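Notes follow the structure.
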Amino acid sequence: MKIIKILSLFLIFILLVSCNKDKSDLDRFFNDAKAIPAKQIEPLPEINSPEVFVYQAENLRDPFSNDLEILETLNTDDVPLVEGEGPDLNRRKETLENFPLDGLYMVGTYNQNNTFWGLVQDPENVIHRVSLNEHIGQNYGEIVQISEDQIDVSEWVADGLGGWIKREASIALREE
């Protein structure tokens, strides 16, 4: 045991003595690096503050709304403008009216007493049972027909001029 201690001390001594090497090449490298002049850093560009604009047209039509663009793309001969009619804005919203129609999927139907009930899956993967005259989608849609492969919906869409347009849509059966 005593020999191991003596050998380990001797080994440490030799390692420490061998660490003392000539460092002149390292000193020369640093001196050469310090002798190279530093490059000038370009100053940061001046930041101009943006021009302040006060929007004073709160009572006018929203310039970012695309209601008129949607109206122009629809063929007005095929879609009748209904004056005086529109969705019932005072009724309590149903659960499936919180989701856009294109986010809902028909996953099946079942027949009970000769009545088709539709099964609709929402974006949160919850399946709802729907029947005729229930409301669905964010455009005041009402279910007008349920068949084995699709659910037909009649929606009210704002025309951008204070009126409403009735539009037909459907949810097809989701194929897995």
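Worth pointing out:
- In the stretch 128-147, the residue that is nearest to the chain's Cα centre (by Cα) out of those that are assigned to a strand (DSSP E or B) and either within 15 Å of residue 102 (Cα to Cα) or of a type in the set (S, T, N, Q) (or both) is 136.
- Residue check, residue 73 at negative phi, within 35 Å of the chain's Cα centre (by Cα) and modelled with pLDDT of 80 or more: no
- Selection count where residues are surrounded by 13 or more Cβ atoms within 10 Å (Cβ to Cβ) and assigned to a loop (DSSP other than H, G, I, E, B), scope the stretch 148-173: 3
- Residues located in the stretch 104-127, provided they are modelled with pLDDT under 90 and outside any strand (DSSP E or B): 113, 114
- Count of residues meeting criterion [touching a residue at least 12 places away in the same chain (Cβ under 8 Å) and under 12 Å from residue 95 (Cα atoms)] in the stretch 124-139: 9
The values are calculated or read from the model by the stated rules, or taken from the named source; none is laboratory data. Computed from a predicted model, the values in this text were never measured in an experiment. Heads up, the Cβs are rebuilt from the backbone with ideal geometry, glycines too, and the neighbour counts pull from every protein chain shown.
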